[in-house]
C-alpha cells in the first residue's frame, strides 16, 4: 500500500509539472500498471520523465524509462539471485576468477568487506540492493552490457570460468586467450565446444600478449613455447606487477631472457653455437 501511495504522489507531481489533469480512474490505471516495478526503478523513471519528456508520459513510456519493458530482461544481464550465485565467496575469494558485467562488479565491491568478515547474509543483502539499483539505472538509460575479466590466482578455475564465458558469448575466444598461459591452451581447448576447440588446437586461433616491456616478452615466449626451463620452474607468476620483484631479481631475469633471445637468434641464422 505504501508503494501505491508513493506512486500516486509521484504522478501528482508529474501532472503538475506538465500542467496535466489526472482523474481518479487514470491514477488507478497508472498505479496498477507500475505496481510490479521496484521503487528505485520508478524513482529513475519519474525523474527522467520530468527532465527529458515534453509531455505527460504514457504508461508504457514510464515502464520503459524504468527499464521494465519485456525486452529489457533480455539485455544479457542476470537477475539479482543468479548474479549473486556467481560471485566469489569464502576463503577462496582471491583465487577465483569471474567474468562479470559492470553492474555486478559495482555490487560486489559494495559487499566485499562483509564477505571478508564472514557475514554471508549481510553480504547477499548488500549485493542485491546495490545490484538492483545499478541494473535499474543501466536499463533505464539503455546502456549495453559490458563484460570484463577479474583474474584470480587459481589457473584451473580461471580456465573453467573463461570457457563458460566464451560459450555464453560474454567474451570472445580471442579475448579469453589473453588470460590463458601458453602451456595450458590444450587443457583450455578441451573445455570448449568441438568447433572452437579444433580451431584452437590446430593453431587457427592464437592471441599474442600485448603486455609492455619484459613482462610482455615473457608472455610471448611462453605462448611460443620458447620460455627457458629455469623460468618455468620459477614459482613467481609471470604476470606479476613490477613491484613484486627486487631490482636484483629483475636484473637476473633480464640476463636470462636476453641470453635466450640471443640463442634463438643464432639458431635461426643456422649457428646455434654462436660461431659464424
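What follows draws every value from the coordinates through simple rules; no lab data is involved. Note that the coordinates shown come from a computational prediction; the quantities given were computed from them, not determined experimentally. Note: ideal-geometry Cβ built from the backbone for every residue, glycine included; neighbour counts use all protein chains shown.
Summary table below
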quantity	calculated
Residues 115, 22, sorted so that the one with the fewest Cβ neighbours within 10 Å comes first	22, 115
Spherically averaged projected area of the stretch 75-150 from its Cα convex hull (nm²)	4.5 nm²
Residues 9, 248 arranged by fewest to most Cβ contacts within 10 Å	248, 9
The stretch 151-200, relative contact order [Cα under 8 Å, separation at least 6], %	32 percent
Cβ-Cβ FRET estimate between residue 150 and residue 38, R0 fixed at 25 Å, reported to 0.05	0.40
Spin-label proximity, residue 137 to the stretch 43-60 - amide N less than 16 Å from point 7 Å beyond Cα toward beta carbon	43-48
Residue 121-residue 95 FRET efficiency (beta carbon distance; Förster radius 30 Å; 0.05 resolution)	0.85
The stretch 10-119: translational diffusion in µm²/s, Stokes-Einstein, Kirkwood Rh over Cα pairs, 10 °C, 1.306 mPa s	95 µm²/s
Computed Rg/Rh of the stretch 109-181, alpha carbon atoms with Kirkwood Rh	1.05
